[in-house]
């Protein structure tokens, strides 16, 4: 299997893509691309790469049917700079390999995240871990931003004074706030990157980590555009129903379509709804089959 070189990815290697006020994401290295996925998928019966259209169709089929092992053949290494609170959410994804800057060995930089005024909002009344959609009034935004800056400056000044007094770096760092910027190298295969992106691009994820996830998807598209297109079609924004929820959907369809006495009429209604949502060809067939299977069952 030949080494895979993707010109679009080569063109952005080591380029910094800014995120938040002082952060960034950059692609350090990659192994494989769309070609590697199809090579791995076809190795079982000895057929290599075909046309781009055929390869893209195979990749779409693999992702749609959750045949994930070929996607693990693609590996991306990112260098990212983010606030500590973002890193602590990020590190929950334990299927990657990372190496983070150490405050025991290095003097941490005087760099902290201050939210943009429009991102400062009150606690949500119906989401215990999130903020409201609307920002606080403009008159209050600068006041809160200054509170962030004052606390950060005070903490870093105390950190610096302890270092000047000879206190060990591993102790001096412990009062630094979560807004401090940290950096790491993060390596992950494409299958698990898609799992990360699905969760961290979701509207329920904190806005700051969503910004990093969006940047990483844009970078991944240069490495494997067909795989990323399949991800956006079949996984990003999709939902999974429990058995009880599926039964509820089936009951709703029966009630809504009760006046369609003929099976063909029911199927045509489902097909039209799929087409209205932008589905076409075999995608409409699959959509109708999924719904009719549940109703008929």
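The values are calculated or read from the model by the stated rules, or taken from the named source; none is laboratory data. For clarity, every value in this text was computed on a predicted model and none was experimentally measured. All Cβ positions, glycine included, derive from the backbone under ideal geometry; neighbour counts span all protein chains shown.
Could you tell me whether residue 202 is in a loop (DSSP other than H, G, I, E, B) and under 15 Å from the mean Cα position of the chain (by Cα)?
In short, yes.
Go through (1) at pLDDT 95 or above; (2) touching a helix residue (DSSP H, G or I) at 6+ places or on another chain (Cβ under 7 Å) one by one and return the number of the condition residue 49 breaks.
(1)
Residue-by-condition table, conditions (1) under 30 Å from residue 224 (Cα atoms); (2) in contact with a helix residue (DSSP H, G or I) (Cβ under 9 Å, 6 or more places away or on another chain); (3) outside the structural domain of residue 190 (by TED's automatic domain parsing); (4) assigned to a helix (DSSP H, G or I):
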| position | (1), (2), (3), (4) |
| --- | --- |
| 85 | yes, yes, no, yes |
| 93 | yes, yes, no, no |
| 110 | no, yes, yes, no |
| 128 | no, no, yes, no |
| 145 | no, yes, yes, yes |
| 156 | no, no, yes, yes |
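The conditions are (1) modelled with pLDDT under 95; (2) surrounded by fewer than 15 Cβ atoms within 10 Å (Cβ to Cβ), and residue 266 fails exactly one of them. Which is it?
Here residue 266 clears every test but (2).
So residue 180 ticks every box in (1) crowded, with 19+ Cβ neighbours inside 10 Å; (2) out of contact with any helix residue (DSSP H, G or I) (no Cβ under 9 Å at 6 or more places or on another chain); (3) over 30 Å from residue 11 (Cβ atoms) but one. Which box is left unticked?
Unmet for residue 180, out of (1) crowded, with 19+ Cβ neighbours inside 10 Å; (2) out of contact with any helix residue (DSSP H, G or I) (no Cβ under 9 Å at 6 or more places or on another chain); (3) over 30 Å from residue 11 (Cβ atoms): (2).
Restricting to region 2-23, what's the tally of residues that are touching a helix residue (DSSP H, G or I) at 6+ places or on another chain (Cβ under 8 Å) and at negative phi?
9
Could you grab the pairs with beta carbons closer than 6 Å, sequence gap of 6+ or different chains, first residue in region 168-189 and in a helix (DSSP H, G or I), second one surrounded by fewer than 15 Cβ atoms within 10 Å (Cβ to Cβ)?
Matching pairs, first to second residue: 169/104; 170/104.
Can you tell me which condition residue 98 does not meet? The list is (1) modelled with pLDDT of 95 or more; (2) closer than 21 Å to residue 214 by Cβ; (3) not in a strand (DSSP E or B), and all the others hold.
Answer for residue 98: the failing condition is (3).
The rows are residues; the columns are (1) free of Cβ contacts under 8 Å to residues at least 24 places away in the same chain; (2) surrounded by 17 or more Cβ atoms within 10 Å (Cβ to Cβ).
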{"site": "165", "(1), (2)": "yes, no"}
{"site": "194", "(1), (2)": "no, yes"}
{"site": "213", "(1), (2)": "yes, yes"}
{"site": "226", "(1), (2)": "no, yes"}
{"site": "233", "(1), (2)": "no, no"}
{"site": "239", "(1), (2)": "yes, no"}
{"site": "246", "(1), (2)": "no, no"}
{"site": "249", "(1), (2)": "no, no"}
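Condition check: in contact with a strand residue (DSSP E or B) (Cβ under 7 Å, 6 or more places away or on another chain), assigned to a helix (DSSP H, G or I) and farther than 26 Å from residue 5 by Cα. Does residue 211 satisfy that?
Criteria met by residue 211.
With respect to residue 70, determine if the residue is outside any helix (DSSP H, G or I), out of contact with any strand residue (DSSP E or B) (no Cβ under 6 Å at 6 or more places or on another chain), modelled with pLDDT of 95 or more and surrounded by 16 or more Cβ atoms within 10 Å (Cβ to Cβ).
In short, no.
Can you name every residue in region 112-126 that is at pLDDT below 95 and either surrounded by 13 or more Cβ atoms within 10 Å (Cβ to Cβ) or in a helix (DSSP H, G or I) (or both)?
None; the set is empty.
Read through the list (1) more than 20 Å from residue 64 (Cβ to Cβ); (2) assigned to a helix (DSSP H, G or I); (3) modelled with pLDDT under 75, then give the number of the only condition that residue 251 fails.
Tallying (1) more than 20 Å from residue 64 (Cβ to Cβ); (2) assigned to a helix (DSSP H, G or I); (3) modelled with pLDDT under 75, residue 251 fails exactly one: (3).
Just to be sure before I move on: is residue 219 crowded, with 18+ Cβ neighbours inside 10 Å and at pLDDT below 85 in the structure I sent? First the steps, then the outcome.
Details: crowded, with 18+ Cβ neighbours inside 10 Å: yes; at pLDDT below 85: no.
No; evaluated as a whole, the condition is false for this residue.
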